[in-house]
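Have a look at the structure below before the remarks.
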Amino acid sequence: MTDTVVKRVTRKEILKKYKKKTPAQEILGRFLANRLAIVGIIIFAAILFTCVFADLFANYQIDALKMNVPERLQGPSAKHLFGTDEMGRDVFARVIFGGRTSLWIGFVATAFSLLVGGLLGAVAGYFGGKFDEIIMRIMDVMLCLPEILLAIAIVAAFGTNIVNMIVAIGLSRVPRFARIVRSAVLTVRDTDYVEAARAIGATNSVIIVRHVLANCLAPIIVQVTLIFASAILAISSLSFLGLGVQPPAPEWGNMLSSGRQNMREHAYLVIAPGMAIFLSIFSLNLLGDGLRDALDPRLKH
Amino acid sequence: MADKILEIRDLVIQYTSDKDVVHAVNTIDLDIEEGKTLGLVGETGAGKTTTALSVLGLLPKQQSRVPQGTVMLNGRNVLTLPEQELRKIRGNTVSMIFQDPMSSLNPVMTVGDQIAEVVKIHEKLSDREALQRAKEMLETVGIPGDRSVEYPHQFSGGMKQRVLIAMALACNPKLLLADEPTTALDVTIQAQVLELMRGLKKKFNTAMLMITHDFGIVAEVCDEVSVMYAGHIVEHGTLEDVFDHKRHPYTQGLFDSLPNIDDRRSKLKPIKGSTPDPVNLPSGCPFHPRCEYCMEKCSKSFPEKRQINDTHYVYCHLYDETSEDQLKYTEQEG
């Protein structure tokens, strides 16, 4: 007899190897195999965590708002992680509380534009004909204007407050959602199961929500992450221009704006909020790309 | 005589595009009695599916026109009912089984939810009761009830077709439209599904319109047969009338195109040519360019309805009066 070790394969292993994966497992597998997407999700989760639980790290009134002139313009140290600004406020505290504002407004604005744009796109795609023509031509007109210009115009016209900002940023992104949802709906509209749903007497609204939109989720999810990123950038841009969140309330954009004066000697004043903007948008874009590749395996670059 | 569930009279359906008018259905009559099965046989593009969709009121509104005719379903004309009333009928009084089970189920809903949806639309039941009914329906079609939480991709083709049958029968409809329900399945599964449908039809006393191009299926499940060609019903009769005493050359041609199991070496005799373009149908009898017994008048006028016996009628000039051609035809048949 030879000494060769016979490798025994257990029944469990065979079953594991040949067991059919569910689509959800396949998508998750593809997503986890994408290293950049993992990096994105880790960075974004870290930012989200620090901003949501900002109270654990600093006190809003004392650290982020109250002036403390004797300690103004100090460099980064153990006490002030990112240093202090020209009024002696802790930059780290301002960055995380500012992030809270940015993420919150960005989230609501994205949800708003998803709701409006998604509804318009779904109706246009599902019913087609004149509906489609009218809605999509209006969307085309809106698309002609640069998004940030449209947002500035809305805020400038109606005044700067949070609600107007949400409407401005949300509204300016409606056409993008409408187009994406419409094109996704068009691919699902004529499938047999939608016809079958009609044949069992389902109403149009039930068909749109349960049968059509439920099957268009993939491109919509991807678009949500990308638009969320662009909404955060828009909030910061508006605040930078003085049209968004008003000082003394912290926001990444207005911190950049006020830090400009002392930027030569105290670069950390703009690096901290700048990095915050960069990292959140970067991570959301990585996440979005990863999701797109995972959800649509046909799209291989 | 039993009550008629479906009574179609003089139905004409046209599809319109920018330039052309597609003559999909041209003046047909159809009757189905309670609990009976009618087979609708014909080549692709003969207008079979269009006829079925018209019964559901599901013809595409913008592209289709119904210039004349009535579709009486359970005593009401479907063509004039408002959308709201139609929705109450669909899935409840009449339901449809589609051709391709692979794509007729929503991939992101569990099969239990999909069956329960039909029930919830038409009956006032709680979610739990509807799901319970869905499970019962699955059991009726031979699928274990606890598989109701699974998604369509976890089922095989034959099982998906059973799920669709369960969905179609969930509200105990009076009429079932089966649009080539076994075309996408392999032969052994076809037999299973047909057996199941026959059993359920008896159990629920459902009338059925079986659309198919397979005479084997017709022989197995149908009571009566209508043969459709280019939007016309060219021959209609009981199984016996059509199988043993077929009159129309087109019906004859369809049977000649089937392989003969008793004489395996005999050559198939296909019908020459192909189905006419429904945009410009041939004049007179639409079958005349392909007909072996074509006469002069065939291209000039559409034949009158000839009643062979109480149940059997045919539209063909061969039976207008005793002509030489007819003698030739009957001699050959005999």
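Take the cross-link list B:Lys36/B:Lys202; B:Lys4/B:Lys246; B:Lys201/B:Lys246 and give me the ones stretching past 18 Å between alpha-carbons.
Over 18 Å Cα-Cα: B:Lys4/B:Lys246; B:Lys201/B:Lys246.
To the nearest hundred square angstrom, how large is the accessible surface buried between A and B, total for both chains, probe 1.4 angstrom?
Counting protein atoms only, the buried area is about 1800 Å².
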Practice item. Express in nm, to one decimal, how much length is gained between B:Glu129 and B:Met102 on full extension, taking 0.36 nm for each residue of separation and deducting their alpha carbon distance. Key: 7.0 nm
Review point. Quick one: with all protein chains in place, what share of the accessible area of chain A is carbon or sulfur, to the nearest percent (1.4 Å probe)?
Key: 68
Review point. Roughly how many debye, to the nearest 20, is the charge dipole of the range B:1-147 about its Cα centre, given +1 on each Lys and Arg Cβ, -1 on each Asp and Glu Cβ, and no other charges?
Key: 280
Study note, to complete from the structure: With DSSP loop assignment and no more than 13 other C-beta atoms within 10 Å, the trypsin sites (Lys or Arg not before Pro) in the range B:33-114 are B:Lys61
Point to revise | Cα-centred dipole magnitude for chain B, charges only on beta-carbon of K, R (+1) and D, E (-1), debye, nearest 20 | key: 820
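When Cβ neighbours within 10 Å are restricted to other protein chains, what is their mean count per residue of peptide B:80-92?
Rounded to a whole number, the mean comes out at 2.
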**Study point:** Other protein chain Cβ atoms within 10 Å, averaged over every residue that makes up B:144-153
**Key:** 1
Review point. Ignoring ligands, DNA and RNA, what accessible area per residue does the protein assembly as shown give at 1.4 Å, in Å²?
Key: 51
Review point. In percent, what relative contact order does chain A have, based on Cα pairs under 8 Å that are 6 or more apart in sequence?
Key: 25
Revision key, fill the gap. Taking Cα pairs closer than 8 Å and at least 6 residues apart, the relative contact order of the range B:43-103 in percent is 30
Exercise for review: For chain B, state the semi-axes of the equivalent ellipsoid (square roots of 5 times the eigenvalues of the alpha-carbon gyration tensor), sorted largest first and rounded to whole angstrom.
Suggested key: 37, 23, 18
Revision key, fill the gap. Given backbone amide H placed at 1.01 Å from N, residues whose amide H is under 5 Å from that of B:Ile233, ignoring those fewer than 5 places away on the same chain, are B:Asp29
Review point. Using Cα atoms only, what is the angle between the long axis of helix A:23-32 and the major principal axis of chain A, expressed in degrees (0 to 90) to the nearest 10?
Key: 40
Exercise for review: Would you tell me the accessible area of B:Arg162, worked out with a 1.4 angstrom probe on the heavy atoms of the protein chains, in Å² to the nearest 10?
Suggested key: 40
Check your understanding: Using the alpha-carbon centroid of each, what span in Å lies between the range A:43-113 and the range B:231-253?
Key -> 84
Revision key, fill the gap. In order over the range B:153-164: 3J(HN,Hα) from phi, Karplus 6.51/-1.76/1.60, θ = phi - 60°, whole Hz, x for each Gly or Pro, gives 5, 8, 10, 7, x, x, 5, 4, 5, 5, 4, 5
Check your understanding: Count the lysine pairs in chain A that are 8 or more places apart or on different chains: how many have C-alpha atoms under 24 angstrom apart?
Key -> 8
Point to revise | Cα-based reach from B:Lys135 at 15 Å (exclusive), listing aspartates and glutamates while leaving out same-chain residues under 8 positions away | key: B:Asp113, B:Glu117, B:Asp127, B:Asp146, B:Glu150
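The values are calculated or read from the model by the stated rules, or taken from the named source; none is laboratory data. Here the structure is a predicted model, which means the values were calculated and not measured. Cβ atoms come from the backbone with ideal geometry, glycine included; neighbour counts cover every protein chain shown. Only protein heavy atoms, including side chains, enter the accessible area calculation; ligands, DNA and RNA are left aside. Shrake-Rupley method; radii C 1.70, N 1.55, O 1.52, S 1.80 Å.
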